[in-house]
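Here's the structure we're looking at; comments come further down.
Here, each number is a calculation from the coordinates, and none is a lab measurement. What you see is a predicted model, and the numbers here were worked out from it, not measured in a lab. When we count neighbours, we look across all protein chains shown, and the Cβ atoms used for this are built from the backbone with ideal geometry, even at glycine.
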Amino acid sequence: MDIIAHALSQIKNAEKKGMAQCIVKPVSNLLRNILSLMHAEGYIGEFEVIDDGKGGLVKINLIGAINNCGAIKPRFSTSFLNFEKFEKRYLPAKGYGMLIVSTTKGVMTQEKAKKEKLGGQLLAYVY
């Protein structure tokens, strides 16, 4: 089971329904990092991680800013020079949305990875 793909599809479906809140379970540290990045970029509101002893759950406040989001499978490894190829594939326009990348310095957007000249594995896209 892919926790990230499951969580992002639940968020996308809740956004399409116009719901104000979404509950996602189970939770991993990587999912927490992705959600905190989405919150920092303004795609979701506050979120709360609750440990229920069975893998945990997350309550996410939705603000209606997501048009589409999803996990990138397979998780392509790329250098900072090749991000533009994947931006064309997964994002609708240049400068619109973000790719989420796992680098050696943590989870970050493709723009920050370009500035720091880091490559990594593509995890997800949001716009």
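For region 72-126, a Kirkwood hydrodynamic radius built from all Cα pairs, placed in the Stokes-Einstein relation at 25 °C and 0.890 mPa s, yields a translational diffusion coefficient of 228 µm²/s. Of all the options Met38, Met19, Met108, the one that moves most in a Gaussian network model of the chain with Cα springs shorter than 10 angstrom is Met19. Calculate how steeply helix 3-17 sits against the longest principal axis of the alpha-carbon atoms of the chain, using the helix alpha-carbon long axis, and give the answer as 0 to 90 degrees to the nearest 10. Rounded to the nearest ten degrees, it is 70. GNM on the chain, C-alpha springs below 10 Å: top fluctuator among Ile50, Ile100, Ile60? Sorting by GNM fluctuation, first place goes to Ile50.
Dividing the helix sum by the residues of the chain, where each DSSP H run of 4 or more adds -39500 (n - 2.57), gives a mean residue ellipticity at 222 nm of -9500 deg cm²/dmol.
Beyond a 26 Å Cα-Cα separation, which of these cross-linked pairs lie in this structure: Lys16/Lys85; Lys12/Lys59; Lys88/Lys112; Lys73/Lys105; Lys25/Lys88? Present the calculation step by step, with values, prior to reporting the outcome.
Details: Lys16/Lys85 28 Å; Lys12/Lys59 14 Å; Lys88/Lys112 17 Å; Lys73/Lys105 21 Å; Lys25/Lys88 31 Å.
Distance filter (> 26 Å) returns Lys16/Lys85; Lys25/Lys88.
Applying the criteria of a DSSP loop state and at most 10 other Cβ atoms within 10 Å to the trypsin sites (Lys or Arg not before Pro) of region 72-115 yields Lys94. For Val49, what charge total do you get from the other residues with a beta carbon under 9 Å from its beta carbon, if Lys and Arg give +1 and Asp and Glu give -1? Around Val49, the surrounding residues sum to 0.
Alpha carbon centre of region 1-36 versus region 111-126: separation in Å? Between the Cα centres of region 1-36 and region 111-126 lies a distance of 20 Å.
For the chain, relative contact order (Cα pairs under 8 Å, six or more residues apart, normalised by length) works out to 24 percent.
Couplings 3J(HN,Hα) of region 88-104, computed from phi: 5, 6, 9, 10, x, 8, 5, x, 10, x, 8, 9, 9, 10, 9, 10, 6 Hz, in residue order, whole Hz [Karplus 6.51 cos²θ - 1.76 cosθ + 1.60, θ = phi - 60°; x for Gly and Pro].
Using all pairs of distinct alpha-carbon atoms, the Kirkwood hydrodynamic radius of the chain works out to 14.8 angstrom. Note that region 114-120 has calculated 3J(HN,Hα) couplings of 5, 5, 8, 6, 10, x, x Hz, one per residue in order, obtained from phi through the Karplus relation 6.51 cos²θ - 1.76 cosθ + 1.60 (θ = phi - 60°); glycine and proline are x.
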